[in-house]
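Undergrad: Dropping the structure in here first, questions after.
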Amino acid sequence: MTKIHGWATHGPKQKLEQFTYDAGPLGSEEVEVAVEYCGICYSDIAMINDEWGWSQYPFIPGHEVVGRIVALGDYSKGKGLRTGQRVGVGWNAGSCMHCHECMTGNNNLCPRVEPTIVGRHGGFADRIRAHWAWTVPLPDRLDISSAGPLLCGGVTVFSPLVTCGIQSTDHIGVLGVGGLGHMALKFARAWGCEVTAFTSHQSKADEAQGFGAHHVVLSHDRDALEKISSSLDLLIMTANVPQDWQTLLKTLKPRGRLHILGVVTEPIPIIAIDLILGHKCISGSPVGSPTMMATMMEFVARTGIAPQVEHFPMSQVNQALEYLRSGKARYRVVLDADFA
Ligand SMILES: [Zn+2]
Ligand SMILES: [Zn+2]
């Protein structure tokens, strides 16, 4: 039995309060992790507000967990994990482990994938539990204090570089310089690509170049977009607001791809001929598999890439959430666990 102490909301849009729950016996395939850091993601805010209709209260958010293993269920022993090891847990904490997707390493596409904060408590807490396969070992040389956001936002933007077969000779566009976009710029630059940032804020142009962009264009400047027509192999869309889709498609080279990661809630109107003539495509993807997370962590440790984060003690989680909601965060917020 483990009493887990965390910060829970008891209803939509309510402040988080201290909350303790009995986690029961550790499942044989589970791993228990003592939380050191937990990033805050916009999905946490969506779940606090019940924007997707999935929230059950009381509920502890948090799905960008960095910590150390404190207990291994019986079947989790012998899986390459050990007590004291530093690990990460991201958006998902489990999957069926026997479907085609799980068996081919695409566990993030499992129909029975278990998100860390849907129907279970997350990482704004002193401990968290996850399936052994989703408890990702972190390389020793990683900067762990900033690693949390890699586990959800980071792997979401890293994954398309692998799955879309991006080469260092390719030209990548990243639309949106925010929590996801700033990491996408860093990854694309370290991948060796020519990188163009698209932002709606002139004020972010210098920062985008600091993150690795060779070029910056204003996403609402049609003339600027026309000038870079037929230049991109891949345009990664990290913003969640509607765009001038027809003009964006023109920035793609023949056989180019517009890849959507931002949760745009309105339908995307596309004229078929804009795809057909240039053999272009539009696609999307969710967070990555555990293998993708481990691959990204190796790349990050080798290249020294780190998300740009600001820290709050976990006891100030409500202030941290307010700060994030205000749009002032540059660019992700990490909570430092400070339970007595
Ligand atoms: Zn997230
Ligand atoms: Zn599965």
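Here is a yes/no grid of residues against (1) in a helix (DSSP H, G or I); (2) outside the structural domain of VAL65 (by TED's automatic domain parsing); (3) surrounded by 13 or more Cβ atoms within 10 Å (Cβ to Cβ):
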residue: LEU248; (1), (2), (3): yes, yes, yes
residue: GLY262; (1), (2), (3): no, yes, yes
residue: GLU266; (1), (2), (3): no, yes, no
residue: ALA306; (1), (2), (3): no, no, yes
residue: LEU324; (1), (2), (3): yes, no, yes
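Undergrad: Considering only the stretch 201-234, state which residues are within 21 Å of ARG257 (Cα to Cα) and of a type in the set (Ser, Thr, Tyr).
TA: Answer for the stretch 201-234, where residues must be within 21 Å of ARG257 (Cα to Cα) and of a type in the set (Ser, Thr, Tyr): SER219, SER229, SER230, SER231.
Undergrad: Looking at this structure, is ARG255 touching a Cys at 6+ places or on another chain (Cβ under 9 Å), farther than 29 Å from GLY148 by Cβ and open to solvent by 60 Å² or more (accessible area, probe 1.4 Å)?
TA: Numbers: touching a Cys at 6+ places or on another chain (Cβ under 9 Å): yes; farther than 29 Å from GLY148 by Cβ: yes; open to solvent by 60 Å² or more (accessible area, probe 1.4 Å): yes.
Yes.
Undergrad: (1) part of a helix (DSSP H, G or I); (2) surrounded by fewer than 17 Cβ atoms within 10 Å (Cβ to Cβ): which one isn't true of VAL317, the others all being true?
TA: (2)
Undergrad: Going by what's in this entry, would LEU175 be described as away from ligand 2 (no atom under 16 Å from the Cβ) and over 28 Å from LEU249 (Cα atoms)? Before the answer, list the steps.
TA: Working: away from ligand 2 (no atom under 16 Å from the Cβ): yes; over 28 Å from LEU249 (Cα atoms): no.
Against the criterion (away from ligand 2 (no atom under 16 Å from the Cβ) and over 28 Å from LEU249 (Cα atoms)), LEU175 does not qualify.
Undergrad: Related question: Output the number of the condition that ASP126 fails; it satisfies all remaining conditions of (1) in contact with a strand residue (DSSP E or B) (Cβ under 9 Å, 6 or more places away or on another chain); (2) of a type in the set (Asp, Glu); (3) within 16 Å of ligand 2 (Cβ to nearest atom).
TA: Exception for ASP126: condition (3).
Undergrad: Okay, next question. Mind checking which strands (runs of 3 or more DSSP E) fall wholly inside the stretch 105-209 and carry at least 1 residues that are within 15 Å of ligand 1 (Cβ to nearest atom) and closer than 30 Å to HIS5 by Cβ? Even if it seems obvious, please write down each step before you answer.
TA: Working: elements: 127-131, 171-175, 194-199.
Ranges flagged: 127-131.
Undergrad: For PRO58, which of the numbered conditions (1) open to solvent by 10 Å² or more (accessible area, probe 1.4 Å); (2) modelled with pLDDT of 95 or more; (3) over 16 Å from HIS121 (Cβ atoms) fails to hold?
TA: (3)
Undergrad: Could you pull out the residue among GLY165, GLY154, GLY173, GLY210 that is of a type in the set (Gly, Ala, Ser) and open to solvent by 60 Å² or more (accessible area, probe 1.4 Å)? Give the steps one after another, and end with the answer.
TA: On the way: GLY165 fails: open to solvent by 60 Å² or more (accessible area, probe 1.4 Å); GLY154 fails: open to solvent by 60 Å² or more (accessible area, probe 1.4 Å); GLY173 fails: open to solvent by 60 Å² or more (accessible area, probe 1.4 Å).
After applying the criteria, what remains is GLY210.
Undergrad: If a residue must be under 23 Å from VAL263 (Cβ atoms) and crowded, with 16+ Cβ neighbours inside 10 Å, how many such residues does the stretch 17-45 contain? Break it down into steps so the answer makes sense when it comes.
TA: At the first step, the residues of the stretch 17-45 found to be under 23 Å from VAL263 (Cβ atoms) are 38-45.
With crowded, with 16+ Cβ neighbours inside 10 Å added as a condition, the list becomes 38-44.
The total comes to 7.
Undergrad: Give the residue that is least open to solvent (accessible area, probe 1.4 Å), with candidates limited to residues of the stretch 80-118 that are more than 7 Å from ligand 2 (Cβ to nearest atom) and free of Cβ contacts under 8 Å to residues at least 12 places away in the same chain.
TA: Step by step, filter the stretch 80-118, then rank; the result is THR104.
Undergrad: Oh, and also: Any residue in the stretch 138-146 that is under 23 Å from GLY262 (Cα atoms) and not assigned by TED's automatic domain parsing to the domain that holds HIS259?
TA: yes
Undergrad: Just to be sure, is SER146 buried (at least 17 other Cβ atoms within 10 Å of the Cβ), in contact with a Ser or Thr (Cβ under 7 Å, 6 or more places away or on another chain) and of a type in the set (Gly, Ala, Ser)? Reasoning before the result, please.
TA: Values: buried (at least 17 other Cβ atoms within 10 Å of the Cβ): yes; in contact with a Ser or Thr (Cβ under 7 Å, 6 or more places away or on another chain): no; of a type in the set (Gly, Ala, Ser): yes.
Against the criterion (buried (at least 17 other Cβ atoms within 10 Å of the Cβ), in contact with a Ser or Thr (Cβ under 7 Å, 6 or more places away or on another chain) and of a type in the set (Gly, Ala, Ser)), SER146 does not qualify.
Undergrad: Would you mind stating whether GLY67 is within 22 Å of the chain's Cα centre (by Cα) and part of a strand (DSSP E or B)?
TA: Details: within 22 Å of the chain's Cα centre (by Cα): yes; part of a strand (DSSP E or B): yes.
So GLY67 fits the description; yes.
The values are calculated or read from the model by the stated rules, or taken from the named source; none is laboratory data. None of the values given here were measured: they were computed from a predicted structure. Note that each Cβ is placed from the backbone with ideal geometry, even for glycine, and that neighbours are counted across all protein chains shown. Quick note on the areas: whole protein, heavy atoms, side chains included, nothing else; ligands and nucleic acids left out. Shrake-Rupley method; radii C 1.70, N 1.55, O 1.52, S 1.80 Å.
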